[in-house]
Amino acid sequence: MTVIGSLVLLAGTALSVLSAFGVWRFPTAISRMHAATKSASLGLALVVLGSGLAASSPGIIGIGLLTSALLFLTAPISGHLLGRASYLTGAHRYRFDALAGSQPAALRVDPASKLDFSTRRWIGLIAIWVLLWRDVSVGSIIGGAVVGFVVELSRGSVSNPTRLNLVALARFSLYYLVALVRTNVRVAWEVATPFQDDIDEAIVGIPLSVATPQAALLVANAVTFTPGTLTIELADDPLMLYAHVLHFEGEAALRSEISRLEKLADAVFTRH
């Protein structure tokens, strides 16, 4: 276990170093984000996970998994905003730009006024609290219950609420994990090699056919967190995802890749 943990730690450290090197080497602001917001995030997650494995500590391993999940939920948000801001400056021209000259309406998820308290989410928040404190005691559980209760009371319901399909979420996670490793290796290789002549940046528009805005947001986050692609805009009416790609091989190639991701994401959320 110590050897495995050390190897995972080494992989995370290498990704983090290559991420910093990519920020220096890639030519444009958005291309640098492909190195900064994804490889660094996965590198951090591997460092935490490797630390838990090396120490044979279930608590630290759990924190590593939680860190990975929280990075997936938060890192893409900064990626969306920074990528969109960089694009709107107009500082770089692309060989293909599906967003040029258009002003699509951004996707909105409007909250409703009624309370949306979920016992399942509350229990999940208690579990996260206990994991972060690494203390399974009565006091820790009560503290997590109070904090989780306050968080749930502050939530409002959303229009067209959905239910989470855990089996479908597991399928999505497994497929996405494989894609994440593959694309991270590719970007890391490009950073490490002396030339980036094959980088061919473009903005591609992909029509989405998911049934819920939650699924659309999951696809957008997955696209941003995967090295080589970065969501610039998620537009409504019609539902469109505009993504920056490091390697433009035609719209069909990216649409085929996102289509599989879209089907898996759509199955994760079912309407009440």
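In table form, for the structure just shown:
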read-out	value
Subset of the range 233-272 [of a type in the set (Ser, Thr, Tyr) and surrounded by fewer than 21 Cβ atoms within 10 Å (Cβ to Cβ)]	Ser256, Ser259, Thr270
Conditions (1) in a helix (DSSP H, G or I); (2) farther than 20 Å from Phe225 by Cα; number of the one not met by Ser56	(1)
Pair list, Cβ < 6 Å and 6+ apart or interchain, from the range 1-14 residues that are under 15 Å from Ile61 (Cα atoms) to residues that are loosely packed, with under 14 Cβ neighbours inside 10 Å and not β-branched (Val, Ile, Thr)	Met1/Ser56
Test for Ser56: is it surrounded by fewer than 16 Cβ atoms within 10 Å (Cβ to Cβ) and on the phi > 0 side of the Ramachandran plot	yes
Residues of the range 1-40 satisfying the condition of being surrounded by fewer than 18 Cβ atoms within 10 Å (Cβ to Cβ) and among the polar types (S, T, N, Q)	Thr2, Ser6, Thr13, Thr28
Condition met for Leu18 (in contact (Cβ under 8 Å) with a residue 60 or more places away in the chain, more than 15 Å from Leu246 (Cα to Cα) and not small (Gly, Ala, Ser))	yes
Matching entry among Gly62, Gly139 (being assigned to a helix (DSSP H, G or I) and touching a residue at least 24 places away in the same chain (Cβ under 8 Å))	Gly62
Pairs, first buried (at least 16 other Cβ atoms within 10 Å of the Cβ) in the range 165-181, second modelled with pLDDT under 85 and part of a helix (DSSP H, G or I), C-beta under 6 Å, six or more apart	Tyr176/Ala222
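The values are calculated or read from the model by the stated rules, or taken from the named source; none is laboratory data. The structure presented is a predicted model; accordingly, all values stated were derived computationally and were not measured. As a convention, Cβ positions derive from the backbone with ideal geometry for all residues, glycine included, and neighbour counts pool all protein chains shown.
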